[in-house]
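Data first, discussion second: the structure below is written as structure tokens.
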Amino acid sequence: MRAVWRIAVLVGLSALSLQLFFMARIALMAVVDPQSTSFQRSEFARILRTEGRVGWRQEWVPGERISDHLRRAVIASEDANFADHHGVEWDALQNAWKKNTAAQARAERQRAEAMARYQRAVERARRRGRPDPAPPDAAQATPKVIGGSTITQQLAKNLFLSGERNFLRKGQEFAITFMLEGLLSKQRILDIYLNNVEWGEGVFGAQAASRQYFGVDAARLAPMQAARLAVMLPAPKRFERQPGSGYLVGRAGTIVARMGAVELP
């Protein structure tokens with residue numbers, strides 16, 4: 001029994017030490033710009049491993065060199081209540097969970113129906129002495145996951161965490177989110193986010209994205225350019241391949257219309 005308690009104490013101390021490490025790193029970010037994030041390093045390693053090249057374009061710029069148009073566009077698109085909440089929007093998380101649960105249930109029904117149709121097609125083919133038909137594509141019934149994360153939560157995940165999806169990682173994300181909100185100003189959180197968020201394959205930060213897609217500095221982005229960058233954020237690699245898609249242009253117009261009502265921190 002004593003050994004069990006000793007192990008429990010060691011685990012507790014290790015967990016506490018990890019939280020203190022995160023807290024110290026975040027406190028330092030109030031005055032020191034983070035040079036990279038966990039997500040960036042994992043993407044760098046993936047690109048190097050799969051493509052054999054160094055894929056990392058990023059240039060940190062001070063907050064005053066990032067257009068207010070981009071700040072407003074990102075808040076309007078990603079987190080409309082950024083200036084008011086304390087890091088987590090519980091209602092948004094609950095709604096996302098309900099939608100994802102319903103989507104998962106629909107996907108499971110579609111997979112079951114597709115498999116039943118496939119089994120019937122196999123039986124018909126075998127009765128007629130024909131080859132078995134191709135099985136259904138499982139990817140067609142994969143549900144789209146809807147996120148409810150705030151800008152601060154996205155920053156917490158990108159700075160320190162892996163892409164795994166489990167309760168332990170989500171709990172750590174909440175802890176880091178509250179540390180960010182408690183130790184940094186909203187303006188600083190937004191500056192770090194905009195300088196590190198992914199905007200394409202190996203493209204990180206507002207300056208690199210502005211130069212990549214529009215050939216201008218982040219300070220000189222026009223409202224529609226800023227809105228188009230903001231719309232890319234949920235799926236930057238996909239929109240990078242379709243920069244002129246109808247959805248992106250239409251959604252950007254909606255974001256431009258909302259930008260005037262955005263409160264900047």
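Amide H contacts of Arg57 (H built 1.01 Å from N, in plane; Pro and chain starts excluded): Val203, Phe204 sit under 5 Å, all sequence-distant by 5 or more or on other chains.
Of all aspartates and glutamates in the structure, those lying under 13 Å Cα to Cα from Lys237, and not within fewer than 8 positions of it along the same chain, are Glu43, Glu198, Glu201. A cut-off under 9 angstrom between Cβ atoms defines the neighbours of Asp217, and their net charge, with Lys, Arg +1 and Asp, Glu -1, is +3. Net charge in the neighbourhood of Arg41 (other residues with Cβ under 14 Å of its Cβ; Lys, Arg +1, Asp, Glu -1) is +1. For segment 185-193, backbone phi angles converted through the Karplus equation (6.51, -1.76, 1.60; θ = phi - 60°) give residue-by-residue couplings of 6, 4, 5, 5, 4, 5, 4, 5, 4 Hz, Gly and Pro being listed as x.
Helix 68-78 axis versus longest C-alpha principal axis of the chain: approximately 40°, rounded to the nearest ten. Relative contact order for the chain: 31 percent, from Cα pairs under 8 Å spaced at least 6 residues apart, divided by residue count. Taking a straight Cα-Cα cut-off under 13 Å and skipping sequence neighbours fewer than 8 places away in the same chain, the aspartates and glutamates within cross-link reach of Lys186 are Asp79, Asp84, Glu263. Relative to the dominant Cα principal axis of the chain, helix 223-232 is inclined by about 50°. Placing a label point 7 Å from the Cα of Asp33 along the Cα-to-Cβ direction, the residues of segment 180-205 with a backbone N closer than 17 Å are 187-199, 203-205.
Any read-out appearing in this document is the output of simple, stated calculations on the displayed coordinates, not a laboratory observation. Since the model is a prediction, treat every value here as computed from it, not as a measurement. FYI the Cβ positions are ideal-geometry reconstructions off the backbone, even for glycines, and counts take in every protein chain you see.
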